[in-house]
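Novice: Just passing along the structure, written as structure tokens.
What follows is calculated from the coordinates using simple rules that are stated; it is not laboratory data. On a predicted model such as this, the values are computed, not experimentally measured, just so you know. Heads up, the Cβs are rebuilt from the backbone with ideal geometry, glycines too, and the neighbour counts pull from every protein chain shown.
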Amino acid sequence: MSRPFAYRRGQLACGAMPLAGLARRFGTPLFVYDLDAVLGAYGAYERAFARVPHQICAAVKANANRTVLAALARAGSGFDIVSGGELAQVLAAGGEPRRVVFSGVGKTAGEMDAALRAGIGLFNVESAPELALLAERARRLRRIAPLGLRVNPDVAAPTHRHIATGRRGHKFGVAPAEALALYRQYAGHRWVRATAASVHIGSQILDPAPFAAAVRRLGHFAAEVRAAGCALEALDIGGGLGIAYRPGERAPSPAAYARAVLAALGKDGAGLRLILEPGRSIFAAAGVLLSRVLYIKHNGGLRFVILDAGFTELIRPALYGAYHEILPLRRRPGRRSPAEVVGPVCETADTFAHARPLSPLAAGDLVALMDAGAYGYSLASNYNGRPRPAEVVLQRGRARLARRRETLEEMMAREGKA
Ligand SMILES: *Cc1c(COP(=O)(O)O)cnc(C)c1O
């Protein structure tokens, strides 16, 4: 997916709308999402998988903004959730419960009950005790639990170690032999119906090969499960497709990803519906985090650019050493020189960029942290007593405040009297 933001008469803009005007109108730090770009990325997946039965379930953990989720739901998207809270967010956005898949290693009984009552499409179960609890909850509520076991394909994903999930030693998934035994054990269970087998190998993966390897294993595995007498009807191939964060970086398109995956699946996929759980590749490039330069200072021979946004708004650089391009909203003439771009949070890790060549910046200038539409706001916190920022959604040249800035009263509302 390409970014919807570009310079227009020296100003960074979305279409004809300069981002600086939004920063002035709504304040900073501010997340801005272009809805047409989100829907465009979703549509690219739809087209890429059009020749096979499929359901796209956007990963809510990447971006849970209600306006954004509602637009995806209207376009036909389902959702991948990892908690009862995300289930509530999807339902509040008008998401279709049957198009919801519930992933994650630590579902509680209460979360299972809420999902069973809502009538979600699939539980991706990650352990034998979790499956025992799901069966128990389904029996009590007298609701059928649609089951997929998330198998651990033991595939290495070339990404940051914190977001690789598909190796044997990770907490995720069940080894294929154990999963096969569980499908056998629950075959014919009155309240559990095995309908799918699932994988998810990690995030920000830029090479189609590990996806192909994982899906090939999943396909072979599903064939074994079917041979054992379980009538699976779907394969959930997870998310994880990366995006180009760095200038010059290349990410496979959904079309290239689909080609690799469908070729790897071959006839093992025949008759099975594919479920996809893309997160980052749907949301990231459609969003920016706007921030104002508070101060410029020099320390130890380094130039520090101090922003009013910190890791409380965008934690990826602190958490994974992630790279986000930083662009001034108004271009100034002059030579680029290295800068340490930091936030106001009292932690050395509150650093967006080291030795980043940046054009001249002065206090009061506005910048955009690019590709912040995924794992930005959803990872925001109140650390250092910082209220969470506002989110603005753009569509066809109009700006809408989709979530207003948290107030200090709201931040403190759940505490009792001192
Ligand atoms: C995080 C996650 C996703 C989405 O990953 P992206 O890298 O954002 O595409 C999909 N499925 C599961 C199970 C996840 O944990």
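Novice: Using a 10 Å cut-off around each Cβ, can you sort F26, F79 from fewest to most neighbouring Cβ atoms?
Specialist: On the way: F26 19, F79 29.
In order of increasing Cβ crowding within 10 Å: F26, F79.
Novice: Can I ask one more? How many nm separate the modelled label positions at L141 and L408, each set 7 Å beyond the Cα in the direction of the Cβ?
Specialist: In this crude spin-label approximation the distance works out to 4.2 nm.
Novice: Now a separate question. For a quick check, take a GNM of the chain with Cα springs below 10 Å and name the residue from I315, I163, I56 with the largest mean-square fluctuation.
Specialist: In this elastic network of the chain, the residue with the biggest mean-square fluctuation among I315, I163, I56 is I163.
Novice: Could I ask something else about it? Figure the gain on full extension for A263 and E233 (residue separation times 0.36 nm, minus the Cα-Cα span) and round it to one decimal in nm. Spell out each step's value before the answer.
Specialist: On the way: separation 30, 0.36 × 30 = 10.80 nm, distance 1.90 nm.
Net length gain for the segment: 8.9 nm.
Novice: Modelled label-to-label distance, R161 and S359, 7 Å Cα→beta-carbon offset: nm?
Specialist: Between R161 and S359, the simple spin-label model gives 4.0 nm.
Novice: Work out, step by step, the length gained on full extension between R336 and A6: first 0.36 nm times the residue separation, then minus their alpha carbon distance; give nm to one decimal.
Specialist: Working: separation 330, 0.36 × 330 = 118.80 nm, distance 1.91 nm.
Fully extending the segment from R336 to A6 adds 116.9 nm.
Novice: For the chain, find the longest principal axis of its Cα atoms and tell me its angle to the long axis of helix 128-141, 0 to 90°, nearest 10.
Specialist: 80 degrees
Novice: Okay, moving on. By how many degrees, between 0 and 90 and to the nearest 10, does the Cα long axis of helix 254-265 differ from the longest principal axis of the chain?
Specialist: 20 degrees
Novice: Among the lysines, which fall within straight-line cross-link reach of K107, defined as a Cα-Cα distance under 18 Å, with same-chain neighbours fewer than 8 residues apart omitted?
Specialist: Answer for K107, where 18 Å is the Cα cut-off: K61, K171, listed by chain and number.
Novice: Let me check against my output: what whole-number percent is the relative contact order of the chain, with C-alpha pairs under 8 Å and at least 6 apart? Numbers along the way, then the final one.
Specialist: Details: 951 pairs, mean separation 79.9, N = 418.
Rounded, it is 19 percent for the chain.
Novice: Also: Cross-link candidates for K267: which aspartates and glutamates have Cα within less than 20 Å, leaving aside residues fewer than 8 places away along the same chain?
Specialist: E224, E233, D236
Novice: Here's another thing I want to ask about it. Can you give me the distance in nm between label points at C346 and H170, each placed 7 Å from the Cα along the Cα-to-Cβ direction?
Specialist: Spacing of the two 7 Å Cα→Cβ label points: 3.7 nm.
Novice: To continue, here is another question. Which net charge results when you count Lys and Arg as +1 and Asp and Glu as -1 among the other residues whose beta-carbon is under 9 Å from that of E126? Before the final figure, lay out the partial values.
Specialist: Numbers: positive: K107, R150, K171; negative: E130.
Its environment carries a net charge of +2.
Novice: Pairs of alpha-carbon atoms within less than 8 angstrom and 6+ residues apart define the contacts here; what relative contact order does segment 267-418 have, in percent? Don't skip to the answer; put the middle values down first.
Specialist: Values: 280 pairs, mean separation 39.8, N = 152.
Once divided by the residue count of segment 267-418, the mean separation gives 26 percent.
Novice: Rg and Dmax of the chain over Cα atoms: what are they, in angstrom?
Specialist: Cα-based Rg and Dmax for the chain come out at 22.5, 72 Å.
Novice: At 25 °C and 0.890 mPa s, what whole-number value in µm²/s does Stokes-Einstein give for the translational diffusion of segment 257-370, with Rh from the Kirkwood sum over Cα pairs? Don't skip to the end; give the middle numbers.
Specialist: On the way: Rh = 16.4 Å.
For these conditions, the coefficient is 149 µm²/s.
Novice: With every atom except the alpha carbons ignored, what do you get for Rg and Dmax of segment 64-278, in angstroms?
Specialist: Radius of gyration, then largest Cα-Cα span, for segment 64-278: 16.8, 55 Å.
Novice: Select from L30, A6, A270 the residue farthest towards the positive end of the dipole of the chain; place +1 on Cβ of Lys and Arg, -1 on Cβ of Asp and Glu, and compute about the Cα centre.
Specialist: Looking along the dipole axis, the top candidate is A6.
Novice: Taking the alpha-carbon centroid of each part, what is the distance from segment 1-58 to segment 200-270 in angstrom?
Specialist: Taking the Cα centre of each part, segment 1-58 and segment 200-270 sit 25 Å apart.
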